[in-house]
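Notes follow once the structure below has been shown.
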Amino acid sequence: MYSSCTTTGSLPPALGFGAGGSCGPDGRSATIDFLTDDPDTTLDQLALHVTSDDERVVRTRDLVVTGSGALRTLTVTARQPGTAVVTFTVSDGQHAVSAEMTVQLGTAHPDWVIGTDGNDLLLGAQGDDVLVGRDGEDILCGDRGTDVLIGGDGADLFSGGRGFDVALDVRRAQGDTTDGSLP
């Protein structure tokens, strides 16, 4: 998903999510790979900001961006169960573009964690969970318990974590990947 704006003069930067990332060992964190670009500004001059709309679930100060050039990685750590929208904004000084990813953290009990039609990071946490990504580039992290992972359309990453887990729709042709934790 690339977001952009059109204006007269210099061209705006671009921002997008790619397949990839990883699920953390604690069931509350993950990494998200994303790309930045600008046709008329060097990449090291772009300003990048990430924010969370719900500090109880994901604190903005717990969003850590690493990398340089076009490929960047965001580490997300969720604090408590719930939903937060993380907004990525890149600016070249004249124009800014934004993209969003919804982060959902389940509870210690069995949960149905259902994503949006956009990009999602679904963290099942403990319990026997069903994670449903729907459309978009999704990262599904089952963690503990017996989990069922359903990605939907888009290039999704499936990680079962600890426990017996199954992914029902890994489709390599659309860019789906696994981390080796699924049968």
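The values are calculated or read from the model by the stated rules, or taken from the named source; none is laboratory data. Source: prediction; values computed, not measured. Every residue, glycine among them, receives a Cβ derived from its backbone with ideal geometry; neighbour counts consider all protein chains shown. To get the accessible areas, we keep the full protein, side chains included, count just its heavy atoms, and leave off ligands, DNA and RNA. Shrake-Rupley method; radii C 1.70, N 1.55, O 1.52, S 1.80 Å.
Structure values in brief
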{"quantity": "Surface per residue (accessible, 1.4 Å probe) for the stretch 71-176, Å²", "calculated": "39"}
{"quantity": "Mean-position separation - Cα centroids, the stretch 154-182 and the stretch 86-111, in angstrom", "calculated": "21"}
{"quantity": "Ranked packing of 166-172, 49-55, 74-80, 152-158, most packed first, by mean Cβ within 10 Å", "calculated": "152-158, 74-80, 49-55, 166-172"}
{"quantity": "Electrostatic dipole magnitude of the chain [Cβ: Lys, Arg +1; Asp, Glu -1; Cα centre; debye, to 20]", "calculated": "400"}
{"quantity": "Segment Leu168-Ala70, extension gain: residue separation times 0.36 nm, minus the distance between their alpha carbons", "calculated": "32.0 nm"}
{"quantity": "Charge dipole magnitude, Cβ of K and R +1, D and E -1 - the stretch 89-171, Cα centre, debye nearest 20", "calculated": "220"}
{"quantity": "Dimensionless Rg ratio for the chain, taking C-alpha atoms and the 2.2 N^0.38 Å reference", "calculated": "1.03"}
{"quantity": "Cβ-Cβ FRET estimate between Asp26 and Ser181, R0 fixed at 22 Å, reported to 0.05", "calculated": "0.90"}
{"quantity": "Top of Leu43, Leu105, Leu63 by mean-square fluctuation, Gaussian network on the chain, Cα under 10 Å", "calculated": "Leu43"}
{"quantity": "Charge dipole (the chain, unit charges on Cβ, about Cα centre) - positive-most of Gly145, Val170, Leu122", "calculated": "Gly145"}
{"quantity": "Alpha-carbon Rg with Dmax, taken over the stretch 95-183, Å", "calculated": "12.6, 47"}
{"quantity": "DSSP beta bridges in the chain [antiparallel fraction, %, rounded to 5]", "calculated": "65"}
{"quantity": "Hydrodynamic radius by Kirkwood, which averages 1/r over all alpha carbon pairs of the stretch 52-146, in angstrom", "calculated": "14.1"}
